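What follows is one structure encoded as structure tokens, with my remarks underneath.
Each reported figure results from applying straightforward, stated rules to the coordinates on display, with no laboratory input. Quick caveat, the model's predicted, so the values are computed rather than measured. All Cβ positions, glycine included, derive from the backbone under ideal geometry; neighbour counts span all protein chains shown.
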Amino acid sequence: MVPKRWAKRAVTRNTIKRQIYALGAEFEPRLMVAAHVVRLRSGFDRKQFVSATSDVLRQAVRAELNQLFRRACVSPSRPAPVVTAPASAESGATPC
């Protein structure tokens, strides 16, 4: 999610979203199967990133996203969570 309060221009928000989608696809094989949400929590200053489609902005966003996706990747030392069926499903009872 890229709220307006952190990235005022639509072109900036769209650039950030494209970076999220691109890196998400790149890291997909290493990520645990789940719904992942990326939320922008601080702003991108228009004085620092003059152009919304500048390489500087893309590199800054990509570097930050790389860190986040690396942390979210499933590591061999950390096993994936086990999902168990509820007791009612095991006993053969039908839910209401």
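If you scan segment 36-49, which residues turn out to be of a type in the set (K, R) and surrounded by 10 or more Cβ atoms within 10 Å (Cβ to Cβ)? The answer is R46, and nothing else. Here V38 meets each of (1) in contact (Cβ under 8 Å) with a residue 12 or more places away in the chain; (2) more than 22 Å from A72 (Cα to Cα); (3) assigned to a loop (DSSP other than H, G, I, E, B) with one exception, condition (2).
Select from segment 12-35 the residues that are free of Cβ contacts under 8 Å to residues at least 24 places away in the same chain, surrounded by fewer than 17 Cβ atoms within 10 Å (Cβ to Cβ), within 18 Å of M1 (Cα to Cα) and not aromatic (F, W, Y) and list them in ascending order. Those that are free of Cβ contacts under 8 Å to residues at least 24 places away in the same chain, surrounded by fewer than 17 Cβ atoms within 10 Å (Cβ to Cβ), within 18 Å of M1 (Cα to Cα) and not aromatic (F, W, Y): N14, K17, R18, A22, A25, A34, A35.
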